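The values are calculated or read from the model by the stated rules, or taken from the named source; none is laboratory data. Computed from a predicted model, the values in this text were never measured in an experiment. Glycine gets a Cβ as well: all are built from the backbone with ideal geometry, and neighbour counts include every protein chain shown. These accessible areas exclude ligands, DNA and RNA; they are computed on the full protein's heavy atoms, side chains included. Shrake-Rupley method; radii C 1.70, N 1.55, O 1.52, S 1.80 Å.
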Amino acid sequence: TMVDKPSVPEYKVAAVQKSRFILLHYSVSKALWDWLILLATFYVAVTVPYNVSFSPHDDSIPASRSTIVSDILVEMLFITDIILNFRTTYVSQSGQVVYAARSICIHYVTTWFFVDLVAALPFDLLYAFNITVTSLVHLLKTVRLLRLLRLLQKLDRYSQYSAMVLTLLMSVFALLAHWMACIWYMIGRKEIETNETWEIGWLHELGKRLETPYINSTVGGPTVRSSYIAALYFTLSSLTSVGFGNVCANTDAEKIFSICTMLIGALMHAVVFGNVTAIIQRMYSRRSLYHTRMNDLKDFIRVHRLPQQLKQRMLEYFQTTWSVNNGIDANELLHDFPDELRADIAMHLNKDILQLPVFKGASRGCLRSLSLHIKTSFCVPGEYLIRQGDALHANYFVCSGSLEVLKDSMVLAILGKGDLIGSDLPGTEQVIKTNADVKALTYCDLQYISVRGLREVLELYPEYANVFTTDIHNNLTYNLREGSQDEVLIHTHWHTQSGCFVFNQICSLPLNILNANLTYLYLTPAT
């Protein structure tokens, strides 16, 4: 009998089954291609309405001829984009990335294929082969504007970038004004063609002001360039305000269009400028939060009538810490993350302190547990980090800045970047009293691990606890535990070669003091 092979889960073989001809939708190359298509789409959105409205009336070089090369290039880009979409992965409704070519083709055909196909029809090749083009072809090219629907699909991707959303909204507003300027010009042309005896249309008025009037409603008139600028000026002034009257609606059709423009302008104010206001507020939200907390701090100082010196210290500490962390509390921010992810983040943030020799013997699991107990602190010049006689709650690692260790106004040590201060851990869980003051000389950035957290980790990893207890004496730049300098461990053994007792006096002092006080006492044995 044949034994059935165990089925391999789909996610296990997904990477193996992916063909090298499949393009990942989240790859950098696909993102760059999407930006190129976005620029091409905006190009189409600008040129197509302009060519439909103004090209038939331009007596100079036709716009369709002047942009023939760029138009064909854009068509080639759209056709290439269709081909790439048949080979680009997508995310299914269940949240899985689909790599199968057949599934990708079916998904694309049933979603955006026909929109992209219609938008990519090569109308401009008719110009390349000198085929007579009617105005109907220009109107057919407006279906390319359907590509803008793809932009709506990707707005969620850009929504996290405030500056990008702001740029897109302003571009959409300018694009709408451009489209309405094209329609405004077409209305003016139709009014000239249908009402030859009337000379009250906006194009007639513009021609008279520019001293290029229409003759028999067919010849003369302002240039296409002047007409477009005047039309764009009118639509922008109508969308953003109520217009200034120097370009105004005179006929019924023009007045109806002006009414629609004002209604659309009111809607655009609500949508575009409302979003712009929200985006700008979001961009400056951190600054607003800073001012709010600063005002709360000043109110607190005023209500409790704190002395000037204490007030100055509080304000200086707040301003300095804000400049360092920008008001972000890392512990609160990472609180809801899974423990595994938080440990990886903490390992990265605290890599400097975890690379100390005292932690070299710790396993990766021990280091991850230690990293979750490491916090950050900050000291401003003149502030005391530790006072003599206080309970020591943590061991401190100096990331930057300079501190001094003081005892009875005498400087015992100067601490700098990379120094470790604190205490070894006594055998019993007794309160550790400090034997000196620690005062900041400059702005100091510190990392610390609490004594309680350190004990908890060492209880979980007893094999490392013995190593830590032995190594911590050699790694502390200064031991702050009260009584550590008075402890003397006497090791007595028989020296076989010299026939004498050796007493090693080992003091738990800083290394520079320890080296000066380490003595060897040789005594002749009694006979």
Give me the percent of accessible area attributable to carbon and sulfur for segment 286-355, probe 1.4 angstrom. 52 percent
Residue-wise HN-Hα coupling along segment 452-469, computed from phi with Karplus coefficients 6.51, -1.76, 1.60 (Hz; x: Gly, Pro): 5, x, 5, 4, 4, 5, 5, 5, 6, 10, x, 5, 8, 4, 5, 5, 5, 4
What residues have an amide H closer than 5 Å to that of LEU412, excluding those fewer than 5 places away on the same chain, when H is modeled at 1.01 Å from N in the peptide plane? VAL405, LEU406, LYS407
The local net charge around TYR443, scoring Lys/Arg +1 and Asp/Glu -1 for residues other than TYR443 whose Cβ lies under 11 Å from its Cβ, equals -3
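How large is Rg over Rh for segment 411-481, taking Rg from the Cα atoms and Rh as the Kirkwood inverse mean of 1/r across Cα pairs?
We get a ratio of 0.98 for segment 411-481.
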With label points built 7 Å along Cα→Cβ from the Cα atoms of GLN309 and ILE229, find their separation and express it in nm. 7.1 nm
Difference of contour (0.36 nm per residue) and Cα-Cα distance, LEU84 to LEU406: 108.9 nm
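I need the trypsin sites (Lys or Arg not before Pro) found in segment 309-365, filtered to DSSP loop residues with at most 14 other beta carbons within 10 Å of theirs.
Taking segment 309-365 and a limit of 14 other Cβ atoms within 10 Å, the loop trypsin sites (Lys or Arg not before Pro) found are LYS360.
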Collect residues whose amide H, placed 1.01 Å from N in the peptide plane, falls under 5 Å from the amide H of LEU385; neighbours closer than 5 in sequence don't count. VAL438, LYS439, ALA440
Under the Karplus relation with 6.51, -1.76 and 1.60 and θ = phi - 60°, whole-Hz ³J(HN,Hα) for segment 93-99, x at Gly and Pro, equal 5, 7, x, 8, 7, 9, 10
Given a Förster distance of 56 Å, the FRET efficiency implied by the Cβ-Cβ spacing of ALA174 and ASN195, rounded to the nearest 0.05, works out to 0.95
